[in-house]
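Since the structure comes first, as structure tokens, the remarks are kept for the end.
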Amino acid sequence: MRVGILALQGDVNEHGAALADLGVAHRPVRRPEDLDDLDGIVLPGGESTAMSVLLESSGLNGPLGKALAEGMPGFGTCAGMILLARVVAGGRPDQRSFGAIDIGVRRNGFGRQLESFETDLHVAVLGEDPLHAVFIRAPVVESVGAGVEVLARAPGTGDGTGDGTPVLCREGGVLVSAFHPELTDDRRLHAYFVSMIEERGH
Amino acid sequence: MDETTTQRLTGTTRVKRGLAEMLRGGVIMDVVTPEQARIAEDAGAVAVMALERVPADIRAQGGVARMSDPVLVEGIKETVTIPVMAKARIGHFAEAQVLEALEVDYIDESEVLTPADEAHHIDKWGFRVPFVCGATNLGEALRRISEGAAMIRSKGEAGTGNIVEAVRHLRSITGDIRAVGQADAAERYRWAKELQAPVDLITEVAETGRLPVPLFCAGGIATPADASLVMQLGAEAVFVGSGIFKSEDPARRARAVVEATTHFRDAEIVAKVSRGLGNAMPGIEAAALTQHMAERGW
């Protein structure tokens, strides 16, 4: 198995470290030929507007969109979630997204950096232990299509934006999180994505 | 954390450093108007630094350089969707309090502005907003981190369009990180003494082979090849101050620096984006400088 990490900008190294811990071979993806022979792709955290510009200039936009449309498993965190979503609000008019998962997201929906936060999530598919999650200027999921499974929701603090909204979603081979599992040492979510790739291979 | 929390913990070290990690591989551009901020975002900047005068103009015009007018910061915040940073004077914690109240995403405690305190930097642990600070060597970087900085950038020599000082600072920092990694336990205490830095941070650098926070480059980047150079020397992202909007064609140059930063090891792409950009900022030769901003900070 070989997993690509979109390496135009963002926290590429942290995803690489997570995959390496799981013994999964990985490769940075900056040009179309880097997509060859990949079994899945990670779209990291970063700035989705910058990645959108660089997807176009690198020539990756078409080939990566095609690979996702043909069913290549994808895992997007934060900016990666925005790039994989069907609808993006609060972005720029020319912002691109691949529409690989039927959700609508609002960029920076949880607020600016002062509102960035850490919390614990209950994620049933990962077992009983809570998943510690880091949200950085995170997107809020505003709508979810019928085929999408919501795997975790933001805790309802009652006094914040985005209470109870989905923060971890899956549709088929596409997994997206509004938070950054790559910024903690807990590898369960990356392992879950790897198991999604394995399921597809069987 | 030992106990499950459903609270939202804000302003933590993890979220402060986290935003710096998200900016890696990107370009942060100095802008003095909302229109420039728009051009920067269009070009693929990962963040903008809102200020009233770019360093080249601060040099040329002289006088005391201070925090920007809140009207300017707010106008830029309303114009772009990417993070907005702003500068406070070294040691001027009241300017930093104002910038935090304005909800900027990062504060640069910057030697480009006129220092407000000749002995003390801001106690950055007391803030929820993260800080970036400049450094010329590893000791200075670790002192700033011990004060709470969540990102370090080389100082370079701002407003000169001359990369030589940034290269010196980056090589000093990365070279000493490698040297510290070779030190045994006893030698780490000597390093701590020589660098005037806390031994626990020296130990962390020795064990991980890197700074505890991202290391970016600033001060003198004017061309796509400059960006490629500093990225290959170990910078994780670049700040471009005067280099974009003091050039002949800012929009094209901004895009070119963004592409060169992403594809910094790919000389074909750096060559392609370097073609026909028009004149870079004129620049100042290092020996001709009368004011060395990099010497500010302690």
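Legend: translational diffusion of the protein assembly as shown by Stokes-Einstein, Rh = Kirkwood radius over C-alpha pairs, 37 °C, 0.692 mPa s; D = 144 µm²/s.
Relative to one another, the C-alpha centroids of region B:209-274 and region B:108-155 are positioned 22 Å apart.
Of the three principal axes defined by the Cα atoms of chain B, the extents in descending order read 54, 41, 40 Å. Taking the Cβ of B:K87 as the centre, find all other residues whose Cβ is under 11 Å away and add up their charges (Lys, Arg: +1; Asp, Glu: -1). Net charge around B:K87: -3. Straight-distance candidates among the lysines for linking to B:K124, with alpha-carbon spacing under 20 Å and chain neighbours fewer than 8 residues away dropped: B:K16, B:K87, B:K155. Counting charges near A:G91 (Lys, Arg +1; Asp, Glu -1) among other residues having Cβ under 10 Å from its Cβ returns a value of +3. Placing R0 at 30 angstrom, the Cβ-Cβ distance between A:D94 and A:M1 gives a FRET efficiency of 0.30 after rounding to 0.05. Modelled spin-label separation between B:Q61 and A:A191, with each label point placed 7 Å from Cα along the Cα-to-Cβ direction: 5.8 nm.
The alpha-carbon positions of region A:48-111 define a convex hull whose volume is 77 Å³ per residue.
Per residue of peptide A:47-58, the mean number of Cβ atoms on other chains within 10 Å of the residue Cβ is 6.
Remark: the Cα gyration tensor places region B:201-295 in the oblate category, a/c being 1.5 or greater and a/b not exceeding b/c.
Where a number appears in this text, it was derived from the coordinates with a stated rule and is not lab data. Fair warning: this is a prediction, and the values are worked out from it, not measured in the lab. Glycine gets a Cβ as well: all are built from the backbone with ideal geometry, and neighbour counts include every protein chain shown.
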